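Input: a single structure, listed below in structure tokens.
Quick note: the coordinates plus some simple rules give every number you see, no bench work behind them. The model shown is predicted, which means the values in this text are computed figures rather than measured ones. Cβ: placed from backbone, ideal geometry, glycine included. Neighbour counts: every protein chain shown.
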Number of protein chains: 4
Amino acid sequence: MLEESFAVRFYETDALKHVSNTVLVGWFEAARFPIFKLFTPDLDLDNWPLILANYSVDFLQQIYMGSDVTVKTGVSRIGNSSFVVYQELWQDAKLKATGSTTMVHFDYKTQRSAPISAQIRDKLSAMLVETQSE
Amino acid sequence: MLEESFAVRFYETDALKHVSNTVLVGWFEAARFPIFKLFTPDLDLDNWPLILANYSVDFLQQIYMGSDVTVKTGVSRIGNSSFVVYQELWQDAKLKATGSTTMVHFDYKTQRSAPISAQIRDKLSAMLVETQSE
Amino acid sequence: MLEESFAVRFYETDALKHVSNTVLVGWFEAARFPIFKLFTPDLDLDNWPLILANYSVDFLQQIYMGSDVTVKTGVSRIGNSSFVVYQELWQDAKLKATGSTTMVHFDYKTQRSAPISAQIRDKLSAMLVETQSE
Amino acid sequence: MLEESFAVRFYETDALKHVSNTVLVGWFEAARFPIFKLFTPDLDLDNWPLILANYSVDFLQQIYMGSDVTVKTGVSRIGNSSFVVYQELWQDAKLKATGSTTMVHFDYKTQRSAPISAQIRDKLSAMLVETQSE
């Protein structure tokens, strides 16, 4: 799986003294960046090829400031025009949260979902992981 | 359902010119505030009685700046010590997104989940809604 | 002065149990929205006419969850192509913070600062306030 | 000066396709973390020794996604109980923004500002930089 580490920022905590639940989808988005680049290597904002259709996050343990978090990113399912990214958030060698995000390949010209090309499909397939939650 | 409206803030948009997907869980959290107050009317941060176990958001249509969004909040399921909050995000009379959040009633003294009292259960029951997605 | 109220959102607090200092510039931006609309009534993102050149915020007292904050917005100085927005953040009848933001009127076609029109200047002048900090 | 790099996150951009002005104070806070640790090596949230009294940010050029930003952090002034942190934000070898943040050493027991110890003063002095803006 891809790995990306983040230092916990002070403003990402909340009044319960741990990381706010709202922060995780931002870290997960940042960790999906290599997948965005598969679809749009030049990050062309005017022809953005992916739409986020759903995300779901399971919170297993509290996340605190003081040590970095690592997000591991893989792919758990590949459909015709959509795929599911599976992500794990680790801190201090503990699995703190998991997330699944359904992305749809989209053609802005026709304003419709579009099949994933064979070339990108191969690259996504190389990232396939087995998950218990899927 | 409870209703809470939010003006879209400029910094809540992203480079695709619509609202970032990361913003919705913050709006949903803010709109659940009346439910937090059921459990802790004085908002006692040292004995916070609810843990967020999961959230899942379905994104149906893009959300833009320019008109307010309204979050409607109900309860879709009540268990022994947990319950699911169901929320809809509307803008310009269109359903833009739905979310389900599983909350666990928690006793910080014993560090365990704890049954929901009959009194609070009654209030949650009064907020029950039928949803197609549950 | 213009007035805009905001409920404090839980994720806007930090581990010190009060509102994170990073939140205020977002509230101030949101409260400047009527000024943005003076310059671009249709909010045309492709010809955005204002550049933020500086902000400065004085933090006077801690801000907490539990009661709304109100941002009062006026104009403290008007130059040829720039102006300064002065803002006060009140909570529970106490002045919690003040902010000054320097905005530059910008012409995207020429990529240069541009004089403020007489029409807009009149509207900004109507918002002039005296401040001790300027 | 201390140096800390950040990847620009997609949700940190706004509808003008560059980084939102509201993001910078968060990056600057994160980059001040080594200074927080000087005052509270164990990050004791119940006796937090620093209060932010003011921040001011000058925006010199637009910041974009696509390459990392680096925040350089030094100290521009040391008073009896307060000091000013000076920070520069660089991207692609260009100075994009500068910030000055006034921090006050605070004693939570007496609820008053407190002199900075000789030991910490020495460490802050080692971080002194000359700035044109001070």
Legend entry - Kirkwood hydrodynamic radius of segment D:64-134, Cα pairs, Å: 13.7
Inset, instruction - Within segment B:50-78, find all residues whose amide N lies under 17 Å from a label point positioned 7 Å from the Cα of A:THR131 along Cα-to-beta-carbon. - result: B:53-59
Legend entry - chain D: relative contact order in percent, alpha carbon pairs under 8 Å with at least 6 residues between: 27
Inset, instruction - Return the sequence-ordered ³J(HN,Hα) values of segment D:82-87 in whole Hz as given by the Karplus equation 6.51 cos²θ - 1.76 cosθ + 1.60 applied to θ = phi - 60°, using x for Gly and Pro. - result: 9, 7, 10, 8, 10, 9
Inset, instruction - Specify, per residue and in Å³, the volume enclosed by the convex hull of the alpha carbon atoms belonging to the protein assembly as shown. - result: 173
Legend entry - R0 of 45 Å, Cβ-Cβ distance A:ILE78-D:TYR108: FRET efficiency to nearest 0.05: 0.25
Inset, instruction - Using every pair of alpha-carbon atoms in chain A, split the distances into 5 Å bins beginning at 0 and state the percent of pairs per bin, rounded to integers. - result: 2, 10, 20, 22, 17, 13, 9, 5, 2, 0
Inset, instruction - Among the listed pairs C:LYS37/C:LYS96; A:LYS17/C:LYS96; C:LYS72/D:LYS94; B:LYS109/D:LYS109; A:LYS37/A:LYS109; C:LYS17/C:LYS94, give every one whose C-alpha distance is greater than 29 Å. - result: C:LYS72/D:LYS94
Inset, instruction - Could you give me the radius of gyration and the Dmax of segment C:8-85, taking only the C-alpha atoms into account and expressing both in angstrom? - result: 15.0, 43
Inset, instruction - Specify the inter-centroid distance of segment C:58-111 and segment B:45-111, based on alpha-carbon positions, in whole Å. - result: 32
Inset, instruction - Extending each Cα 7 Å along its Cβ direction at B:THR40 and C:ASP42, get the distance between those two points in nm, one decimal. - result: 4.9
Inset, instruction - Only bridges with both residues in the protein assembly as shown count here: give the DSSP antiparallel percent, nearest 5. - result: 95
Inset, instruction - Quick one: which residues, 5+ away or cross-chain, put their amide H under 5 Å from the amide H of A:ASN54? H built at 1.01 Å from N. - result: A:THR102, B:PHE59
Inset, instruction - Provide the net charge surrounding A:LEU45, with neighbours chosen by a C-beta distance below 11 Å and charges set as Lys +1, Arg +1, Asp -1, Glu -1. - result: -2
Inset, instruction - Would you mind listing the distances between the A:LYS109 label point and the same position in each other copy? Use 7 Å along Cα-to-C-beta, nm, one decimal, shortest first. - result: 3.1, 6.7, 7.2
Inset, instruction - Considering the rotation that carries chain A onto chain D, locate the chain A residue whose Cβ comes closest to its axis and report the distance in whole Å. - result: A:PHE6, 5
